[in-house]
1. Condition (residue is open to solvent by less than 50 Å² (accessible area, probe 1.4 Å), assigned to a loop (DSSP other than H, G, I, E, B) and in contact (Cβ under 8 Å) with a residue 12 or more places away in the chain) applied to region 181-198: is it met by at least one residue?
2. Is it fair to say G119 is under 26 Å from M63 (Cβ atoms), in a helix (DSSP H, G or I) and under 15 Å from the mean Cα position of the chain (by Cα)?
3. Being touching a Phe, Trp or Tyr at 6+ places or on another chain (Cβ under 9 Å), at pLDDT 80 or above and either closer than 30 Å to V154 by Cα or β-branched (V, I, T) (or both): is that true of T48 here?
4. Looking only at region 142-152, count how many residues are under 18 Å from S68 (Cα atoms) and not polar (S, T, N, Q).
5. Taking only region 143-169 into account, find how many residues are open to solvent by less than 70 Å² (accessible area, probe 1.4 Å), over 21 Å from A62 (Cβ atoms) and under 18 Å from the mean Cα position of the chain (by Cα).
6. Give me the pairs, please: first residue somewhere in region 140-165 and more than 23 Å from V85 (Cα to Cα), second residue anywhere and open to solvent by less than 50 Å² (accessible area, probe 1.4 Å) and among the polar types (S, T, N, Q), beta-carbon distance under 9 Å, and either six or more positions apart or on two chains.
7. Pull up region 1-20, narrow it to residues that are open to solvent by less than 60 Å² (accessible area, probe 1.4 Å) and modelled with pLDDT of 65 or more, then point me to the one that is nearest to the chain's Cα centre (by Cα).
Amino acid sequence: MKRVRERVEDQAHDHWHEFAVIVASANVLLALVLYGRILATAHANEVTYFAIAIAMTSTLAAMFGYYSIQVGILFVAGPLRLTEVLISFMIAAVRLALFLWPSPVLSAQTRATEVGLKGLRQWLIFFALYCFAGPLANWHAARTRRLRNPTLIVTKYESSQRRDRNTGFACCVLVTICWLIGLRWPALAVAVGVGIGVVGLTIGIVSQERVAKQIVNGL
């Protein structure tokens, strides 16, 4: 039975890795499509510049999402549960939406700049959902560790993950506020929202790298 249990746990980790690779591959494909769309419809106006910034932020979000999955599921032993699958697919869907949404906005070349900016503003709500879904998955993983096998709880690791969750939720709130501000000032809202996203993602990647190094060094 012990060997069977070990096999189930190994298979669960393999499934997480395969899922992350599949989603990452889809993100790469959609990123190329989005950058191609920007080049094909390039105009010297604010819409194109904001689209480039959004595309770069979405790419950074995809990189962080892949990295955080690899670090966040450490110490989670046991088979995949339905809740874990649902949360994972929610994150994947939002990440794909980050690349998909700007394309139809850029395709409408006849739109005025103000209309285009209002269209790109909707990207902020998808990013806010991304900032919520990631910490939610992280919280669920922490809860799973406590319930399934308390012996896997490592204080430094849990503390770092909790800090990253709080940062993610804070970004969610700030980007949502930017989305609301965009009702009146779309250009300002998109600029500030993208800036918050870049800063939050950079902090997240650096933090996850630090956690990974701590684990390698024995915490």
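1. Yes: one or more hits.
2. No; evaluated as a whole, the condition is false for this residue.
3. no
4. Going residue by residue through region 142-152, those that are under 18 Å from S68 (Cα atoms) are 142-145.
Then drop every residue that is not not polar (S, T, N, Q), which leaves 142-143, 145.
So the count comes out to 3.
5. 1
6. S160/S207; S160/Q208; R163/S207
7. Within region 1-20, the match that is nearest to the chain's Cα centre (by Cα) is A20.
Matching residues to (1) among the basic types (K, R); (2) open to solvent by 20 Å² or more (accessible area, probe 1.4 Å); (3) at pLDDT 75 or above; (4) part of a loop (DSSP other than H, G, I, E, B):
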residue	(1), (2), (3), (4)
A61	no, no, yes, no
Y66	no, yes, yes, no
F75	no, yes, no, yes
L80	no, yes, no, yes
M90	no, yes, yes, no
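The values are calculated or read from the model by the stated rules, or taken from the named source; none is laboratory data. Quantities reported herein were computed from a predicted structural model and do not represent experimental measurements. Note: ideal-geometry Cβ built from the backbone for every residue, glycine included; neighbour counts use all protein chains shown. These area figures cover heavy atoms from the full protein model, side chains too; ligands, DNA and RNA do not enter into them. Shrake-Rupley method; radii C 1.70, N 1.55, O 1.52, S 1.80 Å.
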